[in-house]
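Only one structure is covered here, and it is reproduced in the block below.
Every number here is computed from the coordinates shown, using simple stated rules; none is lab data. Bear in mind that the values here come from a model prediction, so they are computed numbers and not experimental data. Because the Cβ atoms are built from the backbone with ideal geometry, glycine has one as well, and the counts that use them run over all protein chains shown.
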């Protein structure tokens, strides 16, 4: 199933991502040439000082832009990989990281963290929001699992339905929190729309710590995921412990989603569109698709974030941008596919 | 055949979904190299018995031994090299090619990070040849018709190169032409390669024409296990399926032919 063409595309995606990171780092209010960006990075790695470059540039690159850029790339890659995994497990090409209500859980947790101050509990927001969002996402996952566990085999329909039920309860909860929040409501709304403003190296590292091991873990099971496309029963007779693999990968993909949501807020459509697009180009083999999704998702979200940061006259929330572009685009490919099927 | 040559040795097997007993006290011994038909009315426990044989369900009580070793002591992977399943329904939402799907049958034979070996590819070629789907090999499975799809599933199971093939009403969605073609291929494998087949079959005439023995389930119990010409009698059809039928034992090469009385 693997071919030279696929490997070439992976290599191409990898170089595109590297180029995008360097180009994006140079873009913004202060324009820095790509070769200067490379030189700054190179000097930093070697621990050298450079005399020829404007002395403010290294600070802008290392402390302001790079953390944000790397966070957005990791989140984009993570969401796309999680999307591909959810689609493969739920046997539904239209599933995404948010199908199981995980985003609603994270949003609920974050909203809760924001209104805590109303009750006199003061925890710094940079700490409480991601932590609460993460706990919210994981609690939702446990809730969805226990609701779906009445069905021993964790069938995809039961899981999706449980996700929808829990998500709708949670959005009512978010509504109630917004109502309570009064003046703070704008912070909640802004968070819900997703943003990478002011991300730091600690965001980069926490995301990295989950997304990369998560990607490797899913890659280890990529071939089992392929076999599971035959249906759980047949997969079992082909030597795949599909029940166990399903559970482990659901937890893994949910963890990835939870960490992504908690550092960035709700960013829709990346997890849906990237796997979908790449599957059309590369085919459905998860051994190729998963790494390609990571690279493609990273490049896409990094690009979108750079557009809001450096091009648009005023910054709009990244989640709004991805949904505004992604939604109609998705309608287009969905429609095209339906028509192709009909003919 | 000697005792230790048995394939399946089933002893006092019972199974229940929650409090609903599906199979009770089944004693059964299956020999290798035979074509077994599994018949019985809807809800008589056919599918459950097949699931138990494939160890995708575990017995509530009693035991199933495969080559005199308890089925629970085999790993999934090990079993996958011995038993292959052809299910009744097969649908796929991803655009794998026919060739990819047939190659999936080699999954238990290929180590986790290895590429398919020469023999794996050969088995795939051969299985596609046998099922006459070679010309479809690059087509996505989503684009196939029901009959083509079922042949792909058959080819996948053949590529698995197991000694047992389990068919769960594998042909009941097919037209008669494809049904006969598939059954012929399987029959040939039984006769020439010593394959063992256990097939749940709805169409009694099909069972009569291709099977050596028939296992008859009635209300979760084993009603009979005998050669086809002993099974297909007016009496048994009446008591198992509650239908009136005439059975012609003398027509085509010793296989009984059943004529149902519709009015």
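Remark: relative contact order (region A:73-342) = 33 percent; criterion is Cα-Cα distance under 8 angstrom and separation of 6 or more residues. Which residues among region A:18-39 fall inside the zone where the amide N is under 17 Å from a point 7 Å beyond the Cα of residue A:62, along Cα→Cβ? Flagged as within label range: A:25-26, A:36-39. Rounded to the nearest 10 degrees, the angle from helix B:146-159 to the longest Cα principal axis of chain B is 80 degrees. Beta bridges per DSSP, both residues in the protein assembly as shown: antiparallel share near 60 percent. Among B:222, B:195, B:136, the largest mean-square fluctuation in a Gaussian network model of chain B (Cα springs under 10 Å) belongs to B:136.
Exposure proxy shown here: for A:220, B:66, the number of other Cβ atoms within 10 Å sets the order, fewest to most, as A:220, B:66.
Taking every DSSP helix (H) stretch of at least 4 residues in chain B, weighting each as -39,500 (n - 2.57) and dividing the sum by the residue count yields a mean residue ellipticity at 222 nm of -9000 deg cm²/dmol. Taking the average, over residues, of other Cβ atoms within 10 Å as the packing measure, peptides B:112-123, B:204-215, A:109-120 rank B:204-215, A:109-120, B:112-123 from highest down.
Taking A:18, A:260, A:293 as the candidate residues, the one with maximal mean-square fluctuation in a Gaussian network model of chain A, Cα springs under 10 Å, is A:18. For region A:73-342, the Kirkwood estimate of hydrodynamic radius, built from reciprocal distances between every pair of different alpha carbons, is 18.8 Å. Of A:78, A:239, A:327, which is the most mobile in a GNM of chain A whose springs link Cα atoms less than 10 angstrom apart? Its mean-square fluctuation being the largest, the pick is A:239.
Remark: C-alpha extents of region B:69-111 on the principal axes read 39, 26, 13 Å, sorted largest to smallest. Convex hull volume per residue, computed on the Cα atoms of the protein assembly as shown, equals 198 Å³. Across every pair of different alpha-carbon atoms, what Kirkwood hydrodynamic radius in Å does chain B reach? Its Kirkwood hydrodynamic radius stands at 19.3 Å.
Computed from Cα positions, the angle between helix B:176-193 and the longest principal axis of chain B comes to roughly 80 degrees. Overall shape of region B:121-246 was characterised from the C-alpha gyration tensor. The equivalent ellipsoid obtained from it has semi-axes of 31, 16, 12 Å, in decreasing order. Determine the shape class of region B:103-146: with a ≥ b ≥ c the square roots of the Cα gyration tensor eigenvalues, call it rounded for a/c under 1.5, and otherwise prolate if a/b is greater than b/c, oblate otherwise. Prolate.
Express as a percent, rounded to the nearest 5, the fraction of DSSP beta bridges in chain B (both residues included) that run antiparallel. The answer is about 60 percent antiparallel.
Between the Cα long axis of helix B:118-130 and the first principal axis of chain B there is an angle of about 50°, rounded to the nearest 10. So if we plug the beta-carbon distance of residue B:20 and residue A:33 into 1/(1 + (r/R0)^6) with R0 = 56 Å, what FRET efficiency do we get, rounded to 0.05? It comes out at approximately 0.15. Of A:144, A:38, the sequence from fewest to most neighbouring Cβ atoms within 10 angstrom is A:38, A:144.
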